[in-house]
Amino acid sequence: MTERRITREVRIGDRVIGGGRPVLIQSMCNTKTQDTAATVAQIRKLEQAGCEIIRVAVPTMEAARSLEAIRKQIHIPLVADIHFDYRLAIAAMEYGADKIRINPGNIGSADRVRAVVDKAKAYGVPIRVGVNSGSLEKPLIEKYGGVTAEGLVESALDKAAMIEAMGYDNLVISIKSSDVLMCVRAHQIISGRTRHPLHVGITEAGTLVSGNIKSSVGLGIILYQGIGDTIRVSLTGDPVEEIKSAKLILRTLGLRKGGVEVVSCPTCGRTQIDLIGLAGQVENLVTEFDDLDVKVAVMGCVVNGPGEAREADLGIAGGIGEGLLIRKGQVIRKLPEGELLSALRQELLKLRSER
């Protein structure tokens, strides 16, 4: 893996990004922000899943006012997502947003942008300058003959320069596209042209399957090159799934330690237990044990099962309606299929108590 690109440090609430610090995981609520109870409930679920920064939409003044109550009931930095109305950005900061996300291109005149910047400066709130391929300015589309990586980079750097010219450089930049390779190319270009921290994601990636594949490919390439300070896996669905995917991407790249890694065989005609169902149950089970750094193997038959399971910290090797429970290469016991999950949980609890 390429050495991490060192960016400026930016404080967001009680977290700091940039400067070679760990890549933090973000998500965005899909609740109505003005529904304080629903939004807080979702953020708490995301916190439990491992979310480290949360963004909420602020399309109305009612939503902006709700930030104050939300902020008091959560434990991670709160980012307000603003479009079109500069007054909402100002209000969001007044009501406690730890960071705001704007596209200066749709906020309005330079005076309106300056009003937002002045408030951010007074409150010490960082600004995330966001540019998406779907909102690239017409002159840049004409200049580059369409939506291109070069156009996205120019747009983002122009907007950052506008804010810097107003005397404020407490910035994070994000450039997103649903085109994975365009997004990769844009990050390769911009990483050599700015020291502002970069928030990385593949926008509008899609549903749980297609979105995960596109995000894993795009984020994997970008992060492997040492680029990126925060990430979001954008999925159409429960945002908790975004956190699960982001954590796995970071662990796979060696950028995050801890948590249980689950490996399982793809199954074949030799499998004599419900391995697909069991593997899914195990994957859900291990979310309780994010404090452990262990590997769990769930294998279906005698060909590779015992060997693979022995290489893991804990393993299940399936038989005919039953399975072997293996720990550190040693068979602990043989159990009926229906008892394997609970027995595995008990072993994880023992590992926790030992560590």
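The values are calculated or read from the model by the stated rules, or taken from the named source; none is laboratory data. Computed from a predicted structure; not experimentally measured. When we count neighbours, we look across all protein chains shown, and the Cβ atoms used for this are built from the backbone with ideal geometry, even at glycine. Keep in mind that these areas ignore ligands, DNA and RNA; they rest on the heavy atoms of the full protein, side chains included. Shrake-Rupley method; radii C 1.70, N 1.55, O 1.52, S 1.80 Å.
Add +1 for every Lys or Arg and -1 for every Asp or Glu among the other residues with Cβ under 11 Å from the Cβ of Ala57, and state the total. Don't skip to the answer; put the middle values down first.
Values: positive: Lys32, Arg55, Arg101; negative: Asp81.
Net charge around Ala57: +2.
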Where is the GNM fluctuation largest for the chain (alpha-carbon springs, 10 angstrom cutoff): Leu248, Leu171, Leu324? Leu324
At least 27 Å along the helix axis (C-alpha) and Kyte average at least 0.5, DSSP helices within the chain: none
Which of Leu314, Leu152, Leu235 fluctuates most in a GNM of the chain (C-alpha springs under 10 Å)? That residue is Leu314
Evaluate the distance, in nm, between pseudo-label points positioned 7 Å from the Cα of Leu181 and of Glu283 along their respective Cα→Cβ axes. 2.8
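Antiparallel as a % of all DSSP beta bridges within the chain, to the nearest 5? Provide the component values of the computation, followed by the final result.
Details: 14 of 50 bridges.
Beta bridges within the chain, antiparallel portion: roughly 30 percent.
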Under a GNM of the chain (C-alpha, springs under 10 Å), which listed residue has the highest mean-square fluctuation: Leu255, Leu344, Leu223? Leu344
Roughly to the nearest percent, how much of the accessible area of the chain is carbon and sulfur, given a 1.4 Å probe? 50
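Using a Förster distance of 25 angstrom, determine the FRET efficiency expected from the C-beta separation of Gln48 and Ser210, and round it to 0.05. Please list the in-between numbers first.
Values: r = 26 Å, r/R0 = 1.05.
Working from the Cβ atoms, E equals 0.45.
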Quick one: of Lys99/Lys159; Lys99/Lys138; Lys32/Lys119, which pairs are farther than 20 Å apart, Cα to Cα? Lys99/Lys138; Lys32/Lys119
Of 259-267, 172-180, ordering from highest average Cβ density within 10 Å down gives 172-180, 259-267
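Please sort 114-120, 293-299, 236-242 by packing, taking for each peptide the average over its residues of neighbouring beta carbons within 10 angstrom, highest first. Show your work: numbers first, answer last.
Details: 114-120: 20.1, 293-299: 22.3, 236-242: 18.0.
Ranked by mean Cβ neighbours within 10 Å, highest first: 293-299, 114-120, 236-242.
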Heavy-atom accessible area per residue of the stretch 52-99, all protein chains kept, 1.4 Å probe, expressed in Å², is 38
Just subtract the alpha-carbon distance of Lys334 and Ile6 from 0.36 nm times their residue separation and send over the number in nm, one decimal. 113.0 nm
Where the stretch 138-295 is the region considered: accessible area per residue in Å², 1.4 Å probe: 43
Zone residues, the stretch 153-168, relative to Lys121, backbone N less than 16 Å from point 7 Å out along Cα-to-Cβ: 160-168
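Before rounding to the nearest 500, sum -39500 (n - 2.57) across all DSSP H runs of length at least 4 in the chain and divide by the residue total; then give [θ] at 222 nm in deg cm²/dmol.
Details: 13 runs with 152 residues, N = 355.
Using -39500 (n - 2.57) per qualifying helix, the result is -13000 deg cm²/dmol.
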Expressed as a whole-number percentage, the relative contact order of the chain with C-alpha contacts under 8 angstrom and at least six residues apart is 13
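DSSP loop trypsin sites (Lys or Arg not before Pro) in the stretch 194-290 with at most 16 other Cβ atoms within 10 Å of their Cβ, which ones? Walk me through the numbers on the way to the answer.
On the way: sites: Arg195, Lys214, Arg232, Lys244, Lys247, Arg251, Arg256, Lys257, Arg270; in loops: Arg195, Arg256, Lys257, Arg270.
Answer by residue number: Arg195, Lys257, Arg270.
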When the dipole is taken about the Cα centre of the stretch 130-204, and only Lys, Arg (+1) and Asp, Glu (-1) are charged at their Cβ, what size is it in debye, to the nearest 20? 120
